[in-house]
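The values are calculated or read from the model by the stated rules, or taken from the named source; none is laboratory data. The shown structure was predicted, so the numbers you read here are calculated from the model rather than taken from an experiment. When we count neighbours, we look across all protein chains shown, and the Cβ atoms used for this are built from the backbone with ideal geometry, even at glycine.
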Amino acid sequence: MRRTKLPLPSPEDQKKTELDRHIKGYFDFLRLEKGVSKHTEASYSFDLRKYRDFLLKHDIHSALQVTPSHLSGFIQSLHPSGLSARTIARTLSAVRGFHRYLVGEGISEDDPTQEIETPKRTKPLPGVLTVAEVEAILNQPDTRKPLGIRDRAILEVLYATGVRVSELTGLTQANLMFDDGLILVFGKGSKERLVPIGLSAMDWVRKYQRHVRIHLTKPGKSHDVLFLNFRGGSLSRAAIRDMVEKFATMAGVKKEVHPHTFRHSFATHLLEGGADLRAVQEMLGHADIATTQIYTHIDREYLKDVHRSFHPRA
């Protein structure tokens with residue numbers, strides 16, 4: 001019986017096989033030596049397939065041919081596809097692991113990823129309410145009812161001071177320095193700071209103290225806690241969160257709104273109004289001004305919106 005003679009693989013196919021063999025060896029290593037999960041393996045497989053396709057497209061048929069300039073070109077090729085910095089960083093992590101494996105196994109002498117920097121992940125900007133949205137939420141509690149007055153006072157304080165929820169629930173009546181228009185806040189690490197509160201919030205807190213808190217107080221339970229639940233105890237953070245979400249929904253605000261959203265809005269509205277960054281840092285209780293600087297990015301977005309809306313050639 002005459003055998004059909006199979007054509008020998010071309011040198012190009014042999015080189016392709018070498019690249020594929022290296023990648024296969026890496027996945028065997030991940031499974032058998034590292035014991036990675038199927039999810040991680042699938043993620044790395046997806047990323048390395050993109051890398052393999054890029055290399056073959058640029059006539060690179062062996063991992064040993066890769067140089068830092070090839071890697072830079074690969075990373076640049078990912079940007080037009082609209083991938084986030086986080087996704088690009090993950091892809092680069094898979095590629096980096098592949099080349100480190102080759103060096104560790106003695107297959108390659110050089111790791112071309114050493115000179116490549118991981119793209120910086122940008123911090124997502126926090127959600128911010130417009131002034132109109134804040135007003136709409138503030139107007140939702142039914143202030144004809146005692147707990148409506150309390151809820152309005154809580155919302156007013158959140159927006160007027162930018163305090164964290166834990167700081168709000170920890171406020172006592174002794175912390176109110178209304179003669180000076182301030183409240184004393186105990187922040188992270190029990191650090192004290194004085195924060196201006198404003199007339200509107202002061203009026204609602206006074207109304208709550210006079211007409212509501214005296215009826216909620218329970219001897220031996222309420223102590224000097226400012227905002228009380230109907231049992232006379234301190235309000236929980238979950239209760240404040242539920243309250244804010246409920247009133248945001250009632251106000252027809254489509255954004256995701258949490259108590260911290262009031263803190264973000266407080267900072268953003270101050271900066272949009274021309275407040276000094278260091279003053280906002282002090283009011284928020286940030287140890288590092290870099291933390292406060294995220295709001296300058298939001299402020300820039302606001303400026304761009306204004307420019308787009310009103311500049312005749314925008």
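Below is a table of values for the structure above.
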| item | result |
| --- | --- |
| Qualifying positions in the stretch 233-270 - out of contact with any strand residue (DSSP E or B) (no Cβ under 8 Å at 6 or more places or on another chain), not charged (D, E, K, R) and not in a helix (DSSP H, G or I) | SER236, ALA251, GLY252, VAL253, VAL257, HIS258 |
| Single condition LYS218 does not satisfy, out of (1) modelled with pLDDT of 95 or more; (2) over 29 Å from the mean Cα position of the chain (by Cα) | (1) |
| Selected residue (only one of VAL306, VAL257, VAL280 is more than 25 Å from ASN175 (Cβ to Cβ) and modelled with pLDDT of 80 or more) | VAL257 |
| Matching residues, the stretch 27-45, being out of contact with any Asp or Glu (no Cβ under 9 Å at 6 or more places or on another chain) and not small (Gly, Ala, Ser) | ASP28, LEU32, GLU33, LYS34, VAL36, LYS38, HIS39, THR40, GLU41, TYR44 |
| Neighbours by Cβ (under 8 Å, 6+ apart or cross-chain): first from the stretch 271-283, assigned to a helix (DSSP H, G or I); second charged (D, E, K, R) | LEU271/ASP299; GLU272/ASP299; GLU282/ARG193; MET283/ARG193 |
| Only listed residue being among the small types (Gly, Ala, Ser) and surrounded by 15 or more Cβ atoms within 10 Å (Cβ to Cβ), chosen from SER236, SER222 | SER222 |
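Okay, residues lined up against (1) among the small types (Gly, Ala, Ser); (2) surrounded by 15 or more Cβ atoms within 10 Å (Cβ to Cβ):
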| site | (1), (2) |
| --- | --- |
| LYS34 | no, no |
| SER37 | yes, no |
| PHE46 | no, no |
| LYS57 | no, no |
| SER69 | yes, no |
| GLN76 | no, no |
| ALA94 | yes, yes |
